[in-house]
């Protein structure tokens, strides 16, 4: 029983199990789709518990990472993706997919993976927030100029940003303030891994 518990607590096994289940049960994607936003929000909430409240008190500690996150995502990564797409991809539907990849902000998974890799979580969080705020302007513009898409809803983008970034931060601050994060702390890794599953 102890070995089974250890196995189902092992991050590599959980990710491998997720991959196998995904490949074997392709129809399950339609059933699990409603769980994606809540699952990512849960991961974000748990991941941001490591970031102390004082990190939010100084504009300097927030603005520079937000600026650098936006620059790295849109002036470096997006430009590289667009240039390579222009040079290497001829299929229109694939090209459109790469343009959309270049236009969207980074996945919120960068924050829990920063925690897993022992990186600077506060820096990553503020970088992600900056990229999401810039995405509210960049994504509709890139979709329009590169793909001719005119109907990207900024309200939907704002709602998703709120659900995946700002609401989890708010909940994590409440958990820290009330001291409710302590019983959660031993299970943070397990919660993150199974949410990704």
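Quick note: the coordinates plus some simple rules give every number you see, no bench work behind them. This is a predicted model, so every value here is computed, not measured. All Cβ positions, glycine included, derive from the backbone under ideal geometry; neighbour counts span all protein chains shown.
In whole percents, the pair-distance distribution calculated for segment 1-77 from its alpha-carbon pairs, binned every 5 Å from zero, is 3, 11, 9, 14, 17, 14, 13, 10, 6, 2, 0.
With contacts taken as Cα pairs under 8 Å at a separation of at least 6 residues, the chain carries a relative contact order of 36 percent. Placing R0 at 30 angstrom, the Cβ-Cβ distance between residue 118 and residue 57 gives a FRET efficiency of 0.80 after rounding to 0.05. Report the residue, chosen from 129, 81, 51, that carries the largest GNM mean-square fluctuation when the chain is represented by alpha-carbon nodes joined by springs under 10 Å. The residue with the greatest mean-square fluctuation here is 81. One quarter of the surface of the convex hull around the alpha-carbon atoms of segment 36-196 equals 10.3 nm², the direction-averaged projected area. Seen against the Cα atoms of the chain and their longest principal axis, helix 121-147 is set at about 30 degrees. Most tightly packed first, judged by the mean number of other beta-carbon atoms within 10 Å of their residues, the peptides 25-35, 174-184 read 174-184, 25-35. Extension gain for residue 64 to residue 29 (0.36 nm times residue separation, less C-alpha to C-alpha distance): 8.8 nm.
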